[in-house]
1. Give segment 55-76 a look and list any residue that's over 20 Å from the mean Cα position of the chain (by Cα) and either of a type outside the set (A, V, I, L, M, F, W, C) or not in a loop (DSSP other than H, G, I, E, B) (or both), or say none.
2. Out of everything in segment 285-310 that is among the hydroxyl-bearing types (Ser, Thr, Tyr) and more than 21 Å from Asn219 (Cα to Cα), what residue ends up being surrounded by the fewest Cβ atoms within 10 Å (Cβ to Cβ)?
3. In segment 227-241, what residues are buried (at least 19 other Cβ atoms within 10 Å of the Cβ) and either in contact with a strand residue (DSSP E or B) (Cβ under 8 Å, 6 or more places away or on another chain) or under 21 Å from Met305 (Cα atoms) (or both)?
4. Could you list all residues from segment 232-251 that are charged (D, E, K, R) and assigned to a helix (DSSP H, G or I)?
5. Can you name the number of the only condition in (1) more than 22 Å from Glu228 (Cα to Cα); (2) at pLDDT 95 or above; (3) buried (at least 17 other Cβ atoms within 10 Å of the Cβ); (4) not basic (Lys, Arg) that Gly172 fails?
6. Among the candidates Asn343, Asn338, which residue alone is assigned to a loop (DSSP other than H, G, I, E, B) and more than 16 Å from the chain's Cα centre (by Cα)?
7. Being in a loop (DSSP other than H, G, I, E, B) and in contact with a helix residue (DSSP H, G or I) (Cβ under 6 Å, 6 or more places away or on another chain) is the filter here; which residues of segment 378-421 pass it?
8. Only one of Gly224, Gly217 is of a type outside the set (A, V, I, L, M), outside any helix (DSSP H, G or I) and buried (at least 17 other Cβ atoms within 10 Å of the Cβ); which?
Amino acid sequence: MKKITSVLIAFTLVACQATVADTKPASASDSLSATAESVGFSPKRLERISTVMQDYIDKGKLAGTLTLVARNGKIAYLNAQGMMDKEASKPMAEDAIFRIYSMSKPVTSVAAMTLWEQGKFHMHDPVAKYLPELANLKVYVSGSGDNMVVEDTKTTMRVIDLFTHTAGFSYGFGNSEVDKLYQKLQADPNALTRENMLSKLAEIPLVHQPGTAWNYGVNTDVLGFLVERLSGKKLGDYMQEILFTPLGMKDTGFFVSEEKLHRLAQLYTANPKTGETVVMPNALLSNFKSDPEIHNAGGGLVSTMQDYFTFAQMMLNEGEINGVRILGRKTVEYMRSNHLPENLIPYGNDALGEGYGLAMSVTVDTGQLGYMGSKGNFGWGGAASTYFRVDPQEKIVLIAMTQFMPIGFHRYHDDFRNLVYQALVD
């Protein structure tokens, strides 16, 4: 039996003071149901998650899902459904490894905050103080190609702008003239190195003056370079030292070792002509089979449900789990607070009711949400449809793992979130 369920069963049996003489060994589902009831969930209502996830699978939208709900530090629901690799007939497993893409951002931010706590940088410091390659940046005004008009920055790009996506960087996902320059830069990834990446990025104009707007971009990637400069270590090595090893996150990193490759879930997308779910022809960033030259801080991590649950629970516990403290209580409070001015809320048309903390969205108005939640709950998703939220008010962690790009094509995570909250009965 997989690790999460095994640990859960053992804990639940002790908690219930079951005796071998009087009872039969509890099944995994029995243990989960008992735990769910003990933390205020209806087990019957939680089973609606299984029904809805299976519907996505049966309709061919998703190959498989792995979903988890925890409250007060106890797992109340855990279910692996469908396939982690349809072509290889491999069922979804609790120890499957997922490309978590932008769910790397909160992890990178925690790594950066360990340096902030040591006084290595201040939030309102100019980014160029630590990364001089990013001094003298230009801002896009109009035109294209040789006729592009740019202007000098009128405001200072601060470190906090990297955390909140207000620095002016982009990702290259759109069709703007600036995005086209990002696409050109990314066309030959072998030409980019840890040594030249920032100088190459500095050649592309910002999409807006620093601090004046919210724009999703390579901000956290730049933050990763800041971590490397201040720590003197490659990002993954620093994360291993201060996060992964202390927390026991043994399957999280920037690549999958050969002996674990069989656990890496297949990546899917939609056929542009038929809409049918098919294998993704080319994974973003890398094949994740070897240690990359650049540790992509904004989207390069792989992880498992167990590892990410440990990370998320640490955040819910205000920086500590299992006797290991990563951050101080006030540091976590600062991270999960909204840092956007009122004129930038919501940060996007599809984020009603949401402000933005440090590399995570945070709910500021539950009345504007399109689904259930609590004020102050926070989290983020990944490009391959991984998703997590942490609710400090209800003491809930919810995580959904699958591998389908792009996120939002099948909005199963919206259903998942509602299904979690409707099951609360305490």
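1. First pass over segment 55-76, keeping only residues over 20 Å from the mean Cα position of the chain (by Cα): 55-61, 63, 72, 74, 76.
Matches in segment 55-76: Asp55, Tyr56, Ile57, Asp58, Lys59, Gly60, Lys61, Asn72, Lys74, Ala76.
2. Only one residue fits best here, namely Ser290.
3. Gly236, Met239
4. If we filter segment 232-251 for residues that are charged (D, E, K, R), which is where we start, we get 233-234, 237, 241, 250-251.
Scanning segment 232-251 gives Asp237, Glu241.
5. With respect to (1) more than 22 Å from Glu228 (Cα to Cα); (2) at pLDDT 95 or above; (3) buried (at least 17 other Cβ atoms within 10 Å of the Cβ); (4) not basic (Lys, Arg), Gly172 is out only on (2).
6. Working: Asn343 fails: assigned to a loop (DSSP other than H, G, I, E, B).
Within the list Asn343, Asn338, the selection yields Asn338.
7. To start, the set of residues in segment 378-421 that are in a loop (DSSP other than H, G, I, E, B) comprises 382-386, 392-395, 402-403, 406-411.
If the condition is that a residue be in a loop (DSSP other than H, G, I, E, B) and in contact with a helix residue (DSSP H, G or I) (Cβ under 6 Å, 6 or more places away or on another chain), then Gly382, Ala383, Ala384, Thr386 are the ones that fit.
8. Details: Gly224 fails: outside any helix (DSSP H, G or I).
Gly217 is the lone residue from the list that is of a type outside the set (A, V, I, L, M), outside any helix (DSSP H, G or I) and buried (at least 17 other Cβ atoms within 10 Å of the Cβ).
The values are calculated or read from the model by the stated rules, or taken from the named source; none is laboratory data. Here the structure is a predicted model, which is why all the values come from computation and not from measurement. Positions of Cβ are backbone-derived with ideal geometry, glycine not excepted, and every protein chain shown enters the neighbour counts.
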